[in-house]
Structure formats: C-alpha cells, structure tokens
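Throughout, read-outs are computed from the coordinates displayed, never taken from laboratory work. Everything numeric in this text was worked out from a predicted model, so none of it was measured. Quick reminder, even Gly has a Cβ in these numbers, built from the backbone with ideal geometry, and neighbours come from all protein chains shown.
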C-alpha cells in the first residue's frame, strides 16, 4: 500500500532541496547584506525540514484513508484527464482558429463530458454561450479576443 | 463630529451613478457566485479582475468588494434550501436553516439571513469607519521589522485556522513565499526561478494562480465525482418576512454575531468562517433552549449569518491600514490596488480618501441593495440552483479561460492557469491548503523586502526582531499560536472548522 502523505512529502522534499540549492546559486548574500536568494533559501530549507517531518510522521499512519489508490477510488478520473487534454489543445489553437470557432468547438466537447444531451441541444447551447461570451467580453468589456481565421470578417 | 464628514464624503463618492451601478453589479454577481456551487468569491473576483482594469479604480474596488459580501449572503441561500453551503462561511447555516426549511419555514430562514446580513454589514461598516483611521495612524510608526513580524503572524494564524494539517499548511506557505518571489529581484534585478522563461520575469500573476487553484481545480474535483441531482426544496416559499417572535429570538444573536464577527474578521485568516462557528457556539451556550439548536432554531441562522457578514467588513481593516491581507480575497484586492498604483497601507486613507471612504460607504449601500435585491429575487436564485452541473462547469471553465487570456492577451497565462489547476487538484486530493499558499504568495515579495531592510537597519543582526517591543509581542503571539494545537479543546475546534472548510 502506498501512503499518500509519504509520496507527497517526498515530492515536496525534492522541491524544497531544489529551491534551497537554487537560492544559493541566486546569491544568498549574508546577514549584513542579504542577496536575491536570501528569503527563498529559508523558505526552501523550511519546506525541506517540514516535508521530512511529514515523511517520518506519515509512517505511523495506516489504514485505507491514507492509501494513495483510495484517493481516486470510485471516481471518474479519466474525465479530468480528458478535459485537461481538451483545454491544452484549446490553448494551442485559440490564436490560429480564433475565439469564436475555438470556443464553440470546446464547449461542444465539454457539454458531452458529463451530460447526455442531444446533439442539437449541445450545438444550440454552445452557439448561444459562445456568442453571449463574445458580446459580453469583446463588445461590452472591450477584451481583445483573438479573431483567428475570421480576422477581417468580424 | 469629525468622523461624519469623511463618511458624508464617502457617500458622495459611492452614490455617483457609475459607482452605484458597479456596486449593484458586484452584489448581484456576488450573490450569484455564492449560490452557484463550485465558484466562490475568490475565483469570481480574480476572474473579473482583468475586466475591471478598464474602469476607474474606486468603481472597481467597490464592485469587487460587493462580490465578496454578496457571496456571503448567496451562500446562505443554498445552505437553507439545498443543505449545501455555497460558501465555507455558510456551513453553520445548514444546521438550523435547512431544518427550518424542512419544517416549512424556509421563508423566515431566508428572510432572517437577509436581515441579519444587512444589520451586521451595517454595524461592520460603522466599525470600519471608526477603527481604521486611528489604527492607520499607529501603523505609520511601524518600520520594516514590525511589518515582517506582522506578516509572519498573519501566515501563522492562517495556517493555524486552515484546518487539516498545520504542517501541510505551513509547507504551502513556504511554497507561496517562493512563488511570490519568482521573477526579477527588486534590488539586484536578478531573475529568480524563471528557468529561462520570459513570461516569468514579471513574476507569476495572481489571477492565473488563483483561478487555477480555486476555479479549475474545483471543476476537476466535481467532474470526476458521480453526483446525483441536487435535492432542491420544493415547497412554495411564503412569508419571507420573519414574525415578531422570530425577531425577538434573533435580535440579540444578530447583534452579538455582528460584534464577534467584526473583531474576529480583523484577525488574519479565515475570519468569516471562524466567526460563524464561534457565533453559533456562543448562541447555543447562552440559549435557554440549547436543545433546539440543530432542530431549526432561528437564532442558529441569525447569529452566524450576521457574524460572517460583519467579518467581511473587519477583514478590510488590516488591508486598508497596514496593507496586509487577512485572507485570500483580501490578497487579491491587495494585488488589484498594487496594479492601480494605490499601494494599501497606513497612508492609503489620507492619500486616496475617495477609495477608502467611497468603498466603506458603498458597502453600506450594497448591504441595503442586497436586502431589497434578495427578498424578491429568491425565486430567481432557486431557478439558477437548478442549472445542471454538466452545463454549469463548461461555463466556469470558459470564464476562467477568458479571464486568464485577457490579462495580457497571451495564451501563456492560460497554460500557467492550467498548471496551477492541476496543482490545485492534486493539493485538494492530498489535503494541502490553497489559501495559505495564496496569502504567502502575495506577502512573499513584501516579506523579502522588509526582512532585507530590517537586516540592513540592524547591521545584520536578527536580534532586531526581539529588541523592538511590538516585534517581540508579535513573535510571542506566533509562538503561542504554534503551541495552541497542543491544547485538546483548541485542537478539536480547529478540526471542526477545518473539516467544514475542506468539505
């Protein structure tokens, strides 16, 4: 059984050591003339120390609640990964495709993640929300949203 | 009557049509995000922050403040009708509010919550007007060591109140300090933790960080859950106005809740949450019929609702007088004020009186708006509660995406937000607290600056923090707070507040 606190404390321990070492590189300075890495050195060192305490104390915890696998048990974690991939792709295509087309497509996929709506309902919702958001942010709040392939047309 | 002149001046600012409109928008959006589960005031404020760059700073702060106290009231609607707190500060309202609804008294419960919030908000604003200016005068005498000590105290109190593990909360504070110091060093202009990425030279933006940690991660957590349809109270609502008997039972709990909430709100860390718990505990303790609590006692709604509302007013005191945020919302407001070139601190009241007094007066007007807005609009809020989550979450994601992009018209900010979204999701899974990370991130650069200045002042001696009386007193308090969880009673109280926040 993998203990969740044990795993996370190891991660933060590595992060803490990394921060401490980088802070020395950025110039710790001295107490008379503290350098750029002064406060982050202490933050990193304290993080390492606290992680170590958590690592040691987590050894005493037993039971299903501290099990790493239990954190995702009975949950639909694949949907999280799916949404994350969708959002990553959206970020990449937002500028070339433009806000209107990109968002319309993204919403279609997102509405299908948890809902079991008919296609026409999904298309209508995606269309209404995309145009509503465009009106609110681009027209009213003057946010410069990317126009992409529709540049010159809108 | 010196105090009245600035208050009148404040009203003259707040009553300008443009500011009234923004106040109205703020309380409306606030109630909406309070009603909607999965979108709290922290995410909503950070989301709207970039959009407010186009309006005058005073109007913008008036609106963002409206979102904050509006959300407190919106949260209680869901607590009473659905038994799901829209806000951590409304957790206690579930206990008696939902029971009242089950007994067919949802109307008076909602009504007393609205009146309680209004009375408390009003008292809170009066308290703010009286206490902030003298405190600001005292704060003018503070030097870098005092500021550093106060920031350490703020972080300590927050990690203490954060619930869950104090150790993990402290770890997040350390990470927050490091994230806050990413970018060019203010003194040497040396890049720190940028890993060659130009986008990080200016530091990590507060907006993508908050929207990732609080907005996107919340969506991830909800999406993977197999939630059923929410059970919404179906009995028609009638008689929103509480009866005379209800008023008699609620009046003193409201007043006590307001005073308690205000002073607990001043303390750094989760003021609104803890004050609602303390108010409930006090009312139950002094009640002649404590057995009615948990069974639909109206005092159990009135007290905590008043407390969480006046705590929001109290939370402005450290921000406006010391420039120190006491919770995540205040941290975002601090960020906003920095962007508007109005650094908060003891000089804010004299250098930008229109901002300070205008915001305070708008809070009074906003509370009045909430009262007249919410009683007739409850039907609308109930309808919004019925929006199914499969439709709601893409909307939340869309707002976050636009909010992040509009910061610099740059997709890199979206990438940053997604990174923090994943981090926030994992932090929630592994039970790490996001609020202490945000607060430490905002305080990080200020801590760095005041620590270095203090050491320069003392010629490199750390003793400066223990030879100045205020510093010494503050550090003694820090030590006491660290030792407090060892007391069994306080340990139990921390746990109950923490569980409520985590849930």
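Please list log₁₀ I(q)/I(0) at q = 0.14, 0.30, 0.32, 0.33 Å⁻¹ for segment B:99-146, using the Debye equation with identical point scatterers on the alpha-carbon positions. Normalising to I(0) and taking log10 leaves -0.57, -0.97, -1.02, -1.04.
Over all pairs of different C-alpha atoms in segment A:69-154, the reciprocal of the mean inverse distance, the Kirkwood hydrodynamic radius, equals 14.4 Å. Run the Debye formula on the Cα coordinates of segment B:334-403, all scatterers equal and no solvent, and tell me log10 I(q)/I(0) at q = 0.16, 0.27, 0.28 1/Å. Debye curve over Cα of segment B:334-403, log10 I(q)/I(0) at q = 0.16, 0.27, 0.28 Å⁻¹: -0.87, -1.06, -1.10. The alpha-carbon positions of segment B:271-336 define a convex hull whose volume is 79 Å³ per residue. Compared with the rule-of-thumb size 2.2 N^0.38 Å for a compact globular protein, chain B has a Cα radius of gyration ratio of 0.93.
With neighbours defined as other Cβ atoms within 10 Å of a residue's Cβ, the residues A:17, B:480, B:382 order from fewest to most as B:480, A:17, B:382. Calculate how steeply helix B:434-458 sits against the longest principal axis of the alpha-carbon atoms of chain B, using the helix alpha-carbon long axis, and give the answer as 0 to 90 degrees to the nearest 10. Its long axis makes an angle of about 30 degrees.
Helix B:353-385 and the longest principal axis of the Cα set of chain B meet at an angle near 40°.
Among B:359, A:20, B:188, the ranking by other beta carbons within 10 Å of each residue's beta carbon, starting with the fewest, stands as B:188, A:20, B:359. Among B:157, A:81, the ranking by other beta carbons within 10 Å of each residue's beta carbon, starting with the fewest, stands as A:81, B:157. Here each label is just a point 7 Å from Cα along the line to Cβ, and for residue B:12 and residue B:338 those points are 3.4 nm apart. Axis angle, to the nearest 10 degrees, between helix B:57-82 and the longest C-alpha principal axis of chain B: 40 degrees.
The mean sequence distance of close C-alpha pairs (under 8 Å, at least 6 residues apart), as a share of the length of chain A, puts its relative contact order at 20 percent.
Kirkwood hydrodynamic radius computed over the protein assembly as shown comes to 25.5 Å, based on all pairs of distinct alpha carbons.
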